[in-house]
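See below for the structure under consideration.
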Amino acid sequence: MNKIEHIGIAVKNLSNSIDIYQRVLNADCYKTERVASENVNTAFFRTGENKIELLEATSPDSPIAKFLEKKGEGIHHVAFLVDDILEEMERLRNEGFVLLNESPKKGADNKMVCFIHPKETNGVLIELCQEIKWR
Ligand code: ZN
């Protein structure tokens, strides 16, 4: 894996949290995006090479709603950038990790994404993400 691409933070109220993180990071949110497949609204900040993603649930069956119920607000996942997500998924399967989705799905911020089951990774939800290249 290449580097940490972003850290995902689960929040109850996106607009309140955008205001908080704009003040914390002294940077403007550069993008908000609804991800229908995950039932979330997201907001992104750049901090040097890395990004912060805020995630708010858009429905009670959203993974973020379930996370907030169980654990409250806080760090939800760590995302690593990969060159070839299919190859990386295959490698992780061969290492015995359980992936939460069988094939990559469309994530926020122009990425294909896949998650590793947090049971296998010390309770940390890890996201793989690959930039979608338009040809
Ligand atoms: Zn993410």
Where a residue in segment 24-35 is free of Cβ contacts under 8 Å to residues at least 12 places away in the same chain and its partner, wherever it lies, is part of a helix (DSSP H, G or I) and open to solvent by 90 Å² or more (accessible area, probe 1.4 Å), with Cβ under 8 Å and at least six apart: none
Across (1) open to solvent by 40 Å² or more (accessible area, probe 1.4 Å); (2) farther than 20 Å from Cys29 by Cα; (3) of a type in the set (Gly, Ala, Ser), Gly48 clears everything bar (2)
Could you grab the pairs with beta carbons closer than 7 Å, sequence gap of 6+ or different chains, first residue in segment 99-121 and closer than 14 Å to Val78 by Cβ, second one crowded, with 18+ Cβ neighbours inside 10 Å and charged (D, E, K, R)? Val113/Glu127; Phe115/Glu127
From the option list Lys3, Lys31, single residue qualifying as under 13 Å from Asp109 (Cβ atoms) and out of contact with any helix residue (DSSP H, G or I) (no Cβ under 7 Å at 6 or more places or on another chain) is Lys31
Of the residues Ala57, Ala43, Ala10, Ala36, only one is among the aliphatic types (A, V, I, L, M), out of contact with any Cys (no Cβ under 8 Å at 6 or more places or on another chain) and open to solvent by less than 20 Å² (accessible area, probe 1.4 Å); which? Ala10
Working only within segment 1-20, note down all residues that are among the β-branched types (Val, Ile, Thr) and outside any loop (DSSP other than H, G, I, E, B). Ile4, Ile7, Ile9, Ile18, Ile20
Matching residues in segment 88-103 (charged (D, E, K, R) and surrounded by 11 or more Cβ atoms within 10 Å (Cβ to Cβ)) number 4
Unique residue being at pLDDT below 95 and under 16 Å from the mean Cα position of the chain (by Cα) when the list is Ala108, Ala65, Ala43: Ala108
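The values are calculated or read from the model by the stated rules, or taken from the named source; none is laboratory data. These numbers were taken from a predicted model, which means no experiment stands behind them. Cβ atoms come from the backbone with ideal geometry, glycine included; neighbour counts cover every protein chain shown. Heads up: the accessible areas ignore ligands, DNA and RNA and are worked out on the full protein's heavy atoms, side chains in. Shrake-Rupley method; radii C 1.70, N 1.55, O 1.52, S 1.80 Å.
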